[in-house]
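Asks: Before anything else, here's the structure in question.
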Amino acid sequence: MTPPDLNLPDDVEALKAMVLAMAEKAARTDALESEVADLKARNADADERIERKRQADPVWRSG
């Protein structure tokens, strides 16, 4: 199904450029999603280490 407002270029080279741009955008999106997942995991790990420090050291508990 093609949306009625989708304007595709008539020129084959322009269409190729459009497809390549879409593929590059998808690749960047995938890379950013992977980076976000990595940062979330690192943040969770840091939170766990902070919690262990707080439990082990009375000075950390007050923070």
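Asks: So, with +1 on the Cβ of K and R and -1 on the Cβ of D and E, and no other charges, what is the size of the charge dipole of segment 12-60 about its Cα centre, to the nearest 20 debye?
Replies: With only Lys, Arg, Asp and Glu charged at Cβ, the dipole is about 100 debye.
Asks: Tell me, what are the semi-axes, in whole angstrom and largest first, of the equivalent ellipsoid of segment 1-49 as set by the roots of 5 times the Cα gyration tensor eigenvalues? Each step should come with its number before you reach the end.
Replies: Numbers: eigenvalues 307, 30, 5 Å².
Values for segment 1-49, descending: 39, 12, 5 Å.
Asks: Taking 7 Å along the Cα-to-C-beta vector as the label spot, tell me the residue 22-residue 43 distance in nanometres, rounded to one decimal.
Replies: 3.2 nm
Asks: As I understand it, the value is the acute angle between the Cα axis of helix 12-56 and the longest principal axis of the Cα atoms of the chain; what does it come to in degrees, rounded to 10?
Replies: With both axes taken from Cα atoms, the answer is about 10 degrees.
Asks: Same structure, new question: Dipole of the chain (Lys/Arg Cβ +1, Asp/Glu Cβ -1, origin at the Cα centre): which of 22, 58, 43 lies farthest to the positive side?
Replies: My answer, from the dipole projection, is 58.
Each reported figure results from applying straightforward, stated rules to the coordinates on display, with no laboratory input. If you're wondering where the values come from, they're calculated on a predicted model, not measured in any experiment. Note that we place each Cβ from the backbone using ideal geometry, even for glycine, and neighbour counts take in every protein chain shown.
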